[in-house]
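For reference, the structure is listed below as C-alpha cells.
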Amino acid sequence: MTQISERNRSLAVSQTLAMSQRSAELRAKGVDVINLSVGEPDFNTPDHIKQAAKQAIDDNFSFYSPVAGFLSLRKAIAANLAQVNGVEYAPEQIVVGNGAKQALCNVILSIINPGDEVVIPTPAWVSYVEMVKLAEGVPVTVPADIRQNFKITDEQLRSVITPRTRMVLLCSPSNPTGAVYTHDELRSLVNVLKDCPNVTVVSDEIYQHINYTGSFTSMASFKELEGRVVVINGVSKAYAMTGWRIGFMAGPVEIAKAVTKLQGQYTSGASSIAQKAAEAAYTGSQECVAEMCAAFRRRRDLVVALAREIPGLKVNVPDGAFYLFPEVSAYIGRRFGDRVIKDSGDLALYLLDEAHVATVDGAAFSLPGYIRLSYATSDDNLREAFRRISAALARLV
Ligand code: PMP
Ligand code: GLU
C-alpha cells in the first residue's frame with residue numbers, strides 16, 4: 001500500500017469545505033439543500049473587477065508573475081492599507097499568495113519551529129489549528145464562549161503565554177462567531193503582548209470590511225508591537241472574489257522574505273490574471289464594498305430575529321462577518337426515532353438529513369455545543385432555512 005505521511009494523516013479534513021461538498025452532492029441527487037455551511041459572499045464579483053481581468057488576458061498577462069506578486073498590486077494594497085487602516089507598508093513588506101489561506105499558512109510555516117506554541121483564541125476558523133499542526137507547532141487554544149461574546153480577555157491571554165509562545169493568532173471580525181474586538185479590547189490584549197518581545201502577532205483581518213460597528217482597528221496600528229505584527233487580508237470576502245484566490249500578508253521585511261522563499265518553492269506567484277483583477281478591486285471605487293456590507297447587515301438582523309424565535313437556541317448579535325454561531329446544547333441528548341443527537345456534530349448532520357439545511361458543527365471551530373450558519377445567501381433562502389430548522393428541531397424529543 002502506498003504510504004501516506006504522518007504529517008498528512010494527522011491533518012483533519014476542512015469541515016467547512018467538507019460540509020459544502022456534502023450538500024453539493026445531495027443537491028446533485030436532486031435534494032433541495034440550502035447551503036449555510038461554507039462562508040462565501042453570494043454576490044457576483046463587481047463588473048469593473050471582471051473587466052480588469054478580461055483586459056489582463058487581452059494585454060497578455062499570461063507569464064509567470066513575480067513570486068511576491070506584481071509590484072503594481074503590492075503598491076495598490078499598500079495604498080489601501082494606508083488609507084483605510086492608517087498603517088504604512090513598503091511593497092517589500094507585502095507578499096501576495098493564493099488566497100489569505102495560503103498567505104497565513106506561509107507565515108506559520110515560515111515562523112514556527114517544532115514545539116513552538118501558538119496561542120489561538122477559540123472558537124476559531126477551522127484551518128488555524130491544522131496549519132499549526134502542519135508546522136509541528138503546538139496549538140494552545142483559549143476558549144471564549146457566548147457568555148463572553150466569544151472574545152478572550154487580557155487575563156486569559158496572559159495566563160497562556162509561556163517562554164515557548166512564538167505566535168498569537170487573532171481574527172476580528174471573527175470566523176465563526178462574527179465577534180469584533182473594540183479598540184479598547186485590542187488595546188488590553190496589546191498591553192499583554194507588548195511585554196512578550198518573542199511573540200509574533202498574526203492578525204487575520206479578512207473580514208475587516210464586513211463590520212457593522214462602524215469602526216475597525218488593525219492590530220498593525222499599535223506602535224508598541226511595531227516590527228512583529230503580520231496582517232493577513234485579501235479580496236475574497238470584501239470584493240466577493242473567493243474563487244479568484246488572491247490574499248496577502250503584510251508585515252516585517254524579514255518575514256516577507258522568508259514567505260517569498262517558501263512560496264517560490266511550492267506555488268510561485270499567484271495567478272497573473274487574478275492579480276490584475278485584485279489590483280482593480282483595490283484601486284477602483286469602494287462603493288461595492290459598502291453595498292455588500294449593508295446587505296449582510298440587513299441579513300444579520302433577519303437571521304438573529306429568526307433564530308430568536310426558535311426555543312432553545314441561544315444567539316448573540318454578531319457585529320461582523322456573515323456567520324451566526326448559536327449555542328444548541330438544549331437539543332443535545334434528544335432523539336428523533338432511533339436517532340440520538342449525542343453532540344453538535346450529530347445535530348448538524350440531523351439538520352442536513354431532516355431539514356436539508358447544511359451548517360457546520362461548532363467542534364470544527366474548537367467549540368462543541370454550537371453550530372455555525374453562514375447568512376451569505378438570499379433573504380428567501382434564509383427564511384426557508386430557518387423555517388425548516390425550526391420544524392426539524394421541534395421534532396426532537
Ligand atoms: N481567514 C478566515 C478567518 C477565513 O474565514 C477565510 C475564508 N476561508 C480565510 C482566512 C481564507 O480566505 P481566502 O483564502 O479565500 O482568501
Ligand atoms: N472561510 C470560509 C469558511 O470558513 C471558506 C471555507 C474555508 O476556506 O474554510 O467557510
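Scanning the range 1-47 for residues that are closer than 30 Å to Pro114 by Cβ and away from ligand 2 (no atom under 16 Å from the Cβ) yields a count of 10. When restricted to residues that are away from ligand 1 (no atom under 15 Å from the Cβ) and either in a helix (DSSP H, G or I) or more than 18 Å from Asn198 (Cα to Cα) (or both), the range 152-183 contains 11. Across the range 171-185, the number of residues qualifying as more than 16 Å from ligand 2 (Cβ to nearest atom) and buried (at least 22 other Cβ atoms within 10 Å of the Cβ) comes to 2. The single residue among Asn98, Asn44 that is over 30 Å from Gly362 (Cβ atoms) and of a type in the set (S, T, N, Q) turns out to be Asn44. Taking (1) surrounded by fewer than 17 Cβ atoms within 10 Å (Cβ to Cβ); (2) more than 16 Å from ligand 1 (Cβ to nearest atom) in turn, Ala52 satisfies each apart from (1). If the condition is being within 16 Å of ligand 2 (Cβ to nearest atom) and either of a type in the set (A, V, I, L, M) or assigned to a helix (DSSP H, G or I) (or both), then the range 49-104 contributes Gly99, Ala100, Lys101, Gln102, Ala103, Leu104.
For the range 122-138, the criterion of being in contact with a Ser or Thr (Cβ under 7 Å, 6 or more places away or on another chain), more than 16 Å from ligand 2 (Cβ to nearest atom) and either of a type in the set (Asp, Glu) or farther than 22 Å from Phe222 by Cα (or both) is met by no residue. Of all residues in the range 317-346, those satisfying the criterion of being in a loop (DSSP other than H, G, I, E, B), crowded, with 16+ Cβ neighbours inside 10 Å and touching a strand residue (DSSP E or B) at 6+ places or on another chain (Cβ under 9 Å) are Pro318, Asp319, Ala321, Phe322, Phe325, Pro326, Val328, Arg334, Ile341, Asp343.
Scanning the range 105-136 for residues that are part of a helix (DSSP H, G or I), under 14 Å from the mean Cα position of the chain (by Cα) and not hydroxyl-bearing (Ser, Thr, Tyr) turns up Cys105, Val126, Val129, Glu130, Met131.
Read-outs: derived from the displayed coordinates by stated rules, not from any lab. All figures in this text were calculated on a predicted structure; none of them were measured in a lab. Glycine gets a Cβ as well: all are built from the backbone with ideal geometry, and neighbour counts include every protein chain shown.
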